[in-house]
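Read the structure below first, then the notes.
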Amino acid sequence: MDGLAAYVVRRLLFLPVTLLIVSFATFCITRWGPGDPISVYSGQYRDPEAFERVRHQYGLDRSIPEQYGIWLKDVVLHGDFGPSFRFRDRDIPEIIGPKIWVSFRLSIYAFFLTFLIGIPIGVIAAVKQGSWLDPFLISVFLFFQSVPALVTVPIMVLIFAAKLHWLPPGGFDGMFSTSMVIPTLALSLPGIAGIARLARATTLGTLGADFVRTARAKGIAEFDVITRHVVRNSVVPVMTTVVGLSLVGLIEGALFTETLLGINGIGRFAFESVNTRDYNVVLAIVLLGATAFVFANLLVDLALVVVDPRIRAGRPQ
Amino acid sequence: MTTAIGGEAEVYAELEAEPRRAASPTGRTLRRLLRKKLAVACLVVIAIFYAAGIFAPLLAPHGYSEQNLDLSFSGPSVDHPFGTDRLGRDMLSRNMYAARTTVVVTLATVLAGGFVLPLGLGLLAGYRPGAIDWAINRAGEVLSSLPALPMLLLINASLRTRFVDLVSWFEDRIHYHGLTSSGFADYFLIFSALSLFGWVGGMRLIRTQVLTLRSAEYVLAAEASGAGTWRIISRHLLPNVMPLVLVGVSASLGAVAGSEIALTFLGVGIQPPHPSFGALITDGASRTVLENHPQLLLVPASIVASLIFAFNLLGDALNDVITPGAR
Amino acid sequence: MSSKLTIAAGAVAAGLIIVLAVVLILVVGGGGGGDKGSATGDTRTPTTSPADNGPAGSGELRLRGPDPLVLDPAVAQDADSATYIVEIFSGLVRLDRDLKVQPDLAASWDVSPDGKTYTFHLNPKATFHDGRPVTAEDIKYSFQRALAPETASVVAENFLGDIAGAKDVSRGRATEISGLKVIDDQTISLTLDQPKAYFLYKLTYPTAFVVDQRQIQANPKRWTQKPNGTGPFKLKEWRLGERIVLEAYNNNVLGAPKLQKITFELQGGSALVDYQDGNIDATGVGLDDLQRVQDPSDKLHAEYQQAPRMSIDYIGFNTTTKPFDDPKVRQAFAMAVDRQKIAEVVLQGAAPIANGILMPGVPGHTDDDKTLPYDPARAKQLLSESKYGSDIGQVTLALSGAGATAGPYDEALVQMWRDNLGVDVQIQQAESGTFFQDIDQGRYQMFHIGWIMDYPDPEDVLDVLFYSKSRQNSTRYTNPEIDAKLERARVEQDTEKRLTIYRDVEKQLLNDAAWIPMFFDTAHVLVKPYVKNFVVPPLVVERYRDVEVTR
């Protein structure tokens, strides 16, 4: 496994480089564009001289490389992401922490629901291939995937909250409250189809594989065959391919669901921060996302390498 | 090509077992596809949609911005089969023009390299290991670790005015102003940006496949007979990768239509007064409007959902077609 | 094969855990919500003498609230933050329900004969939330801090800049305001650079509120999380993005509030549904629900109130660029708009049509319609008479928005110009972040925007927006005659004469069509029957001290 360990180390060594590039690119894009946090914040009172004074106070009038250098030093040496220009009296981790936590909890539910429903659906569809159940199941969830969140959420709110009063119209009351129902559904439904299709495809593959035939020949009950052999071998490829991407989604948050339901999550907040040019907040969010992504990526690649030796092998000599 | 399509093991198996024959894999795939009734149905739906969109100016009974404030929120009638919206605009016409926008948008994506980039880079990375592969992979990693939506917003905020100015300048030269006025210019920027951040998934898939194909007999044979890289890529690898690409493209076209809605909602997509499904859906989604005039949401929602659904089903069918062991 | 897969599965699981752990660790600094309000040395038990201030209030008011950006009165410039700041802090003077200047921390004041020096006598009962009495030194500190460059306030100079020497402080040339003199513990005098009659109004704005010097110096970064203010309410809890709770300060100089507690929910879905479910006691009503609530047969109608707001929605013209540098073009556009129709169909009667620039409640406002009438024929004629004739080129209406559509309002406008003038106006939706800046730079031909009054004086709109050298002059309107009138009005001591000048200016501006004034604003609210004295003031001023909840 030496090659593998070395591979992991090599990849991890690249992480700081990635973060550096990502942060510098984001830094430049944000500051290069029109608008800046001071002028955005001030709304209807425009006093260009006052803006200049305040910009100078925050060091925003220095050159971009210089500003970047200062920021980098603060982050690396003190762990200080700098001030938020909008929320002057809070630290950035303090501001985005709770929001990430909210989005995270929302996504956890959606994440698990997606897999919990998607994988069995896919397996059933594969097993029942040929009957009407297979295309029907897939189509139903494919339909859910095709309907945008912008449509499903208002409809759900109208029916379940406004008319039936079963659920609150939004907000976030904690992990175990009814306010989680609509967002979880909205976030998980689209993903189920993808997972189901993947599970179905890989299940189909393994259904024909040797060891399954062997198990059947040995007379093991069909149900056992499916659960113990087929599912186990289908789940891993499914998970490895999709887990990585889903994890990044946890950080990104679900912008639309959060906006429509008035949930204070990181997705909506990132959007607001970009709109109000809160540079340091945007940077922090981007970096966090990048870090999570690199780790997730690494895991996916690792698992793929382990699972399929053909990829790891170089040219046959 | 940003969704994982799946079933790679099966794809390798088939493509390894069947070295290049006289008929191209793409052609074979399409023929098999057309044998499936569901796929044909999907293609028909897509065709109707695109036809309605392209011929909207001829077919639509009214202009998309013709207001009649006296007819606000009127129900279906002979003159307005789908009723009118708050400003008295004909919903049938608006939906048709929205379809047109979607046609433009999906075209823009393809042009903006929604599939050229992953394909090209995937082929390159898969076939030429070492430095090139490493570079492409790392670049991909860096690019895709940037959270797409904030970056998109940033790019839009920073570059949009300059880009639109650039396109206008270009239009002045060629004396055609349809690009900016139809909103195409706005969209081109967004989708270029999206492609820039989104090619990685597709690239990976193609690369993985090329890695396996690389050791296939016919490739080795071609190399042994002295064929150059370009020739091998274009004559041997590319055709065998195309089915995968087709699947990816059809699925991502659906995603593109969906993301137009999202982007327009955020104010980054199509600008008013050009109608788009994003605009129509946002109009219809507010609670009171939904309660009292549900058709304003349901009509565009059903149309675009059907389109996305058709694209997805098509992708599914394509996937089945290239996967052995399927029906 | 299966052992490899098991390893892979294990790797994935381990990986998941690691990634989650990394994320959580990175984030645990912020923790699972909650404010870190237990800063050092700033919570002291109040020294109470409730008998002086009347019986303490009772009852809790539950509302939805906006998310404040910052609770520092010197810095805050947005209405969301101001909502809370005006309850937690206070200043020398305040505006009452009728928007008249009333004493607050200052019990009385004298004005010198030349109108330039104001001497304030502090109320000896004025105390901070921790019981410490407010002194003139506190006022001095608060003003100087607001102006100091280190505080980085964008608005301080605007509201305090009329004091002599204030600008020296804000520009770093001095640390003390020369025009501010502490005469004794209870007395302070402010000398202005000119005898400006509207100065007192500016003191009612949060920038002039009093902050606790000791608290800030002890805890410069975090004092706003448990501020020691002087207002009728204390900040009890602030869970960022979730909830704010205000608690009555019974020893407030003007008496104990009648409420004990106010809870603001900062998040959630439809407020109306929450209101109907009984989770909140009052709510604003959005355009979507307005028609329903205004319908007398709807059961919510009995709880519906409306109140005017001092803001105006208008179309501004860039008077220095083609084609709007010609007043005739501007007048043509103004007269081609049927505001009545838009009000009925698009806004459904939510807002009254603007009959001028000054809103109801602003001194100088009159009820007659001073705007150019809707006259499409005349509009067309004016356009053809203008120096551009029919060739006015490309015209674009800019508006700010991050939503999907321009809003039916703007699209209706465009249609009217098309129908009545034959001009095809393009809509350009600009990102809100750069919209104001773009207007400053003169990038647009015309723009759809609003203006909210900060204090009830015509100077705050006519001078601030139309004086040729004013930084806020978004229309770049230059008229020496109007400039002269505005300058005179600034220092005119006789109120009636002053208002006459302003009315004159308003009429001239309207005829010259610098703007198309569209709509004034109205606040629409629903209030539960068990809530008494719930007011919606036209400006953001404190409003909860007299509210009673008899649930």
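Tabulated data for the structure shown
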{"quantity": "Shape call, region A:29-134: gyration tensor on alpha carbons, a/c limit 1.5", "calculated": "prolate"}
{"quantity": "Shielding by other protein chains, B:258-269, mean Cβ within 10 Å", "calculated": "5"}
{"quantity": "Normalised convex hull volume, region C:388-526, alpha-carbon set, Å³ per residue", "calculated": "163 Å³"}
{"quantity": "Reach of C:K322 by Cα under 19 Å, taken over lysines that are not fewer than 8 positions away in the same chain", "calculated": "C:K380, C:K387"}
{"quantity": "Convex hull of region B:189-233 built on C-alpha atoms - directionally averaged projected area, nm²", "calculated": "3.9 nm²"}
{"quantity": "Value of Rg/Rh across region A:249-298 [Cα atoms, Kirkwood radius]", "calculated": "1.02"}
{"quantity": "Shielding of B:295-306 by partner chains, average beta-carbon count, 10 Å", "calculated": "3"}
{"quantity": "Built amide H within the under 5 Å cut-off of C:T396, gap 5+", "calculated": "C:Q426, C:Q445, C:M446"}
{"quantity": "Spacing of the two label points (7 Å from each Cα toward its C-beta) at C:D110 and B:E171, in nm", "calculated": "6.9 nm"}
{"quantity": "Percentage, to the nearest whole number, of Cα pairs in region B:223-272 over 14 Å apart", "calculated": "68 percent"}
{"quantity": "Relative contact order (percent, whole number), region A:17-92, Cα cutoff 8 Å, 6+ residue spacing", "calculated": "22 percent"}
{"quantity": "Chain C, dipole about Cα centre (Lys/Arg Cβ +1, Asp/Glu Cβ -1), debye to the nearest 20", "calculated": "1040 debye"}
{"quantity": "Karplus (6.51, -1.76, 1.60) ³J(HN,Hα), θ = phi - 60°, over region C:287-299, in Hz, Gly and Pro reported as x", "calculated": "3, 4, 9, 5, 4, 5, 6, 7, 6, x, 7, 6, 6"}
{"quantity": "Calculated FRET value between B:T26 and B:A224, using beta carbons and R₀ = 22 Å, to 0.05", "calculated": "0.25"}
{"quantity": "Reduced Cα scattering model of region C:133-185, Debye log10 I(q)/I(0), q = 0.17, 0.18, 0.27 Å⁻¹", "calculated": "-0.46, -0.51, -1.02"}
{"quantity": "Aspartates and glutamates with Cα under 18 Å of B:K37, excluding same-chain neighbours fewer than 8 positions away", "calculated": "A:D134, B:D316, B:D320"}
{"quantity": "Contact order relative to length of region C:165-273, as percent, for alpha carbon pairs under 8 angstrom and 6 or more apart", "calculated": "12 percent"}
{"quantity": "Across C:K125/C:K258; C:K100/C:K507; C:K196/C:K328; A:K128/A:K218, pairs whose alpha-carbon gap is larger than 30 Å", "calculated": "C:K196/C:K328"}
{"quantity": "Kirkwood-based shape ratio for region C:290-409, expressed as Rg/Rh from alpha carbons", "calculated": "1.04"}
{"quantity": "About the Cα centre, charge dipole magnitude for region C:289-416 (Lys/Arg +1, Asp/Glu -1 at Cβ), debye", "calculated": "320 debye"}
{"quantity": "Two-site FRET efficiency, C:Q426 against A:A5, from Cβ-Cβ distance with R₀ of 60 Å, rounded to 0.05", "calculated": "0.50"}
{"quantity": "Cα pair count fraction exceeding 44 Å, expressed as % - chain C", "calculated": "26 percent"}
{"quantity": "C:K469 versus A:E52: modelled label distance in nm, points set 7 Å from Cα along the beta carbon direction", "calculated": "1.6 nm"}
{"quantity": "Computed E for C:R418/C:E385 - FRET, C-beta separation, R0 25 angstrom, nearest 0.05", "calculated": "0.80"}
{"quantity": "Those aspartates and glutamates that a straight Cα-Cα span of less than 13 Å connects to C:K116, excepting residues fewer than 8 apart in one chain", "calculated": "C:D162, C:D193, C:E492"}
{"quantity": "Average Cα contact separation per residue, region C:292-364, under 8 Å, 6 or more apart, as relative contact order %", "calculated": "26 percent"}
{"quantity": "Burial order of peptide ranges A:272-285, B:139-152 (average beta-carbon count within 10 Å, highest first)", "calculated": "A:272-285, B:139-152"}
{"quantity": "Debye log10 I(q)/I(0) for region C:464-525, one point scatterer per Cα, at q = 0.22, 0.29 Å⁻¹", "calculated": "-0.94, -1.26"}
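A short reminder: the numbers here are calculations on the coordinates, not readings from a lab. This is a predicted model, so every value here is computed, not measured. Here Cβ is always computed from backbone atoms with ideal geometry, including for glycine, and neighbour counts include all displayed protein chains.
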